[in-house]
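The values are calculated or read from the model by the stated rules, or taken from the named source; none is laboratory data. Computed from a predicted model, the values in this text were never measured in an experiment. Ideal geometry is used to build each Cβ from the backbone, glycine not excepted, and the neighbour counts take in all protein chains shown. Calculation scope for accessible area: heavy atoms of the full protein, side chains included, ligands and nucleic acids excluded. Shrake-Rupley method; radii C 1.70, N 1.55, O 1.52, S 1.80 Å.
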Amino acid sequence: PKELVQSARRTAYRVIADDSIKNVKNRSIKHGAETLDAFSQALCRPLRDTAKNYAYTWKQLHPFERVVADLTVTARQKRDGLTLNTVLSEIHEARKMIREASKDWIAKVKGSSSAREAGTNLQEGLASLAELYETFASPHVAGILQLQSSLRNAPVVRELPTVVLVGAPNVGKSSI
């Protein structure tokens, strides 16, 4: 989760001010709005992809793998009390919250009366969006990462044919 914020900050700081705009105020406003938009997209895109990809991947699993994954998630649910669907919906809600807040901050930057005010609003907006992410999305992203580490240890079905011999004791399973 922290790496995602750092990556989003790097993305936001790569936004270059448009030198073709000669008015300093307008240039600062445009740069502030583009920076906030880039930052929020860099935060929201991975959250959106996580929620979408989990749902899609879950449907594509082999039936055995799906059962094992369901059991792993159920064990995790008993330990933490969170279901996968709850975590994914919380991630989705956090993404929407960050996106709405970014629209508000962009509007605030665009309504700035000076270049200095636009810069101040930009810095406040970046801090606010990062705080929203840390508060609402970060715990759920960390939960998904812990779930992924649990799922990595689960058995998987290979494409090779597998034979399992099941039966009562002393009927010759080992001899076969």
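A few points about this structure:
- Taking each residue of segment 59-83 that is in contact (Cβ under 8 Å) with a residue 40 or more places away in the chain and under 15 Å from residue 149 (Cα atoms) and looking for partners that are open to solvent by less than 40 Å² (accessible area, probe 1.4 Å) and assigned to a loop (DSSP other than H, G, I, E, B) with beta-carbon atoms closer than 7 Å, six or more apart or interchain, yields 68/154; 69/154; 72/154.
- Spans of helices (runs of 4 or more DSSP H) in segment 46-158 with at least 2 residues polar (S, T, N, Q), modelled with pLDDT under 90 and over 29 Å from residue 35 (Cβ atoms): 63-80, 84-110, 138-152
- The residues listed here are 115, 137, 130; of these, the one that is in contact (Cβ under 8 Å) with a residue 24 or more places away in the chain, more than 26 Å from residue 47 (Cα to Cα) and hydrophobic (A, V, I, L, M, F, W, C) is 115.
- Residue satisfying all of: in segment 43-81; surrounded by fewer than 17 Cβ atoms within 10 Å (Cβ to Cβ) and of a type in the set (A, V, I, L, M); nearest to the chain's Cα centre (by Cα) among these: 55
- Residue count, segment 1-33 (criterion: assigned to a helix (DSSP H, G or I) and touching a helix residue (DSSP H, G or I) at 6+ places or on another chain (Cβ under 9 Å)): 20
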